[in-house]
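Chemist: Following this message is one structure expressed as structure tokens.
The values are calculated or read from the model by the stated rules, or taken from the named source; none is laboratory data. Keep in mind that this is a model prediction, so the values were computed, not measured. For neighbour counting, all protein chains shown are included, and Cβ atoms are generated from backbone atoms with ideal geometry for every residue, glycine included.
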Amino acid sequence: MKIENKKVMRDVLIENICNRMHEDKSLFFLTADFGAPKLDKLKEDFKDRFINVGIAEQNLINVSTGLALEGFTVYAYAIAPFITMRAYEQVRNNLSLLSQIKEININMIGVGAGLSYDVSGPTHHCLEDISIMRTLPNIDVFSPSDWMLAGKFLDYSIKVKRPKYIRLDSKPLPRIYEETMNLDLQKGFYELAKGEKVCFVSTGYVTHTAIKVVNNLKKINTNIGLIDMFLLKPFNEDLFYKTLSKYNCIITIEEAFINKGGLDSLVSIVLENRNSKIKLKRMGFEDKHVFEMGGREHLHRINGLDEETIAKKVRDILKEI
């Protein structure tokens, strides 16, 4: 679990898309008046395949659908809570419903997953997107934990010709994955650490927190497993359960509401469908919005998602099992 230099996920992905657009004339990039440093070059190089629809996420999905029906691969780019929740009816009708009878390749890029926009308040927080996007049939949900994974999404996005939602963190984050690591995106997860009795299952930003907890506990001879879930729908359920089955207890950690169809529900269903006796503990945000002001670490601490609270959870569980 080597951690290296920080980069912003969207910059890596947009740069990869821009490079591919030079050789692949079927790619379009649309934005809802949302910029990025790496987007300026794409906009300049591809005036005929870059469209800014304005602050209109619903229209972003509508225009993207029209292009996809003509056979183009489309990237629709906006702030995460707005592309998912403001445009949810359009996503449901134009993407989820239509893709069941037509082949359309639309890739929704939502920036600001979880509490990425921490100081912007609850209107810009995105704690619901995993649940609501997993609910819709025929849409893949991709939740990378670092910029390397975000960059690798490009090949998957072109190869898999159905609607997808990729939830990106807005802040610079360290690298977790090496270029040389054998990563199979369609598998859906990667076991970053092998443990003994307890295993974390995390996604997105909180995988970085989980890594720190795992490393700190290892110093006191407590070996905790860690599985990073980056493809929340679909994923290889049998292989995932085989990995979980080595443990007595699973702790899901997510920067999202718990008990509402998110990562914890995903793991719960896998265990239940196999009549598993493995215990499941959930860590995330309770049934309330985050109105407190402050940075991400502060908001995590007051909501029980900080390193110290997670480590205490592990110690308490180990006493029980």
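Chemist: Restricting to the range 29-81, and then to whatever is closer than 19 Å to M133 by Cβ and β-branched (V, I, T), can you tell me which residue is surrounded by the most Cβ atoms within 10 Å (Cβ to Cβ)? Write out each step before concluding.
Modeler: At the first step, the residues of the range 29-81 found to be closer than 19 Å to M133 by Cβ are 30, 32, 34, 57-58, 60-62, 64-65, 68, 74-81.
Subsequent filtering for residues that are β-branched (V, I, T) retains 61, 65, 74, 79.
Details: I61: 30, T65: 23, V74: 28, I79: 21.
That would be I61.
Chemist: Let me ask you something else. If I filter the range 141-166 down to residues being among the charged types (D, E, K, R) and in contact with a Phe, Trp or Tyr (Cβ under 7 Å, 6 or more places away or on another chain), which single residue comes out as surrounded by the most Cβ atoms within 10 Å (Cβ to Cβ)?
Modeler: Start the filter on the range 141-166 by keeping residues that are among the charged types (D, E, K, R), which leaves 146, 152, 155, 159, 161-162, 164.
Filter once more, keeping what is in contact with a Phe, Trp or Tyr (Cβ under 7 Å, 6 or more places away or on another chain): 146, 164.
Working: D146: 25, K164: 23.
In this case the residue turns out to be D146.
Chemist: Mind checking which strands (runs of 3 or more DSSP E) fall wholly inside the range 220-321 and carry at least 1 residues that are touching a residue at least 60 places away in the same chain (Cβ under 8 Å) and basic (K, R)?
Modeler: Values: elements: 225-229, 231-233, 249-257, 279-285.
Output list reads 231-233.
Chemist: List the strands (runs of 3 or more DSSP E) inside the range 71-180, counting only whole elements, that have at least 2 residues being over 24 Å from L42 (Cα atoms) and of a type outside the set (K, R). If you could, list the steps in order and put the result at the bottom.
Modeler: On the way: elements: 73-79, 105-111, 140-142, 164-168.
Because the criterion is at least 2 residues that are over 24 Å from L42 (Cα atoms) and of a type outside the set (K, R), the strands (runs of 3 or more DSSP E) in the range 71-180 that meet it are 140-142.
Chemist: Restricting to the range 29-69, what's the tally of residues that are of a type in the set (V, I, T) and over 23 Å from the mean Cα position of the chain (by Cα)? Let's see the steps before the verdict.
Modeler: Within the range 29-69, the first condition is being of a type in the set (V, I, T), and the residues that meet it are 31, 51, 53, 55, 61, 63, 65.
Applying the additional criterion that residues be over 23 Å from the mean Cα position of the chain (by Cα) yields 51, 53, 55, 63.
Result for the range 29-69: 4.
Chemist: For a quick check of your reading of the model, give me the residue pairs whose first member lies in the range 39-68 and is assigned by TED's automatic domain parsing to the domain that holds F82, whose second is of a type in the set (D, E, K, R), with beta-carbon atoms closer than 7 Å and at least 6 apart or on different chains.
Modeler: Listed pairs, sorted by first residue: F50/K43; N52/D33; G54/D33; I55/D33; E57/R86; Q58/R86.
Chemist: In the list I79, I106, which residue meets the criterion of being farther than 30 Å from V214 by Cα, in contact with a Pro (Cβ under 6 Å, 6 or more places away or on another chain) and in the same structural domain as P122 (by TED's automatic domain parsing)? Show your work before the answer.
Modeler: Values: I79 fails: in contact with a Pro (Cβ under 6 Å, 6 or more places away or on another chain).
Only one candidate qualifies: I106.
Here is a yes/no grid of residues against (1) at pLDDT 95 or above; (2) among the aromatic types (F, W, Y); (3) within 19 Å of I130 (Cβ to Cβ):
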position	(1), (2), (3)
K219	no, no, no
M229	yes, no, yes
F235	yes, yes, yes
I253	yes, no, yes
S276	yes, no, no
L280	yes, no, yes
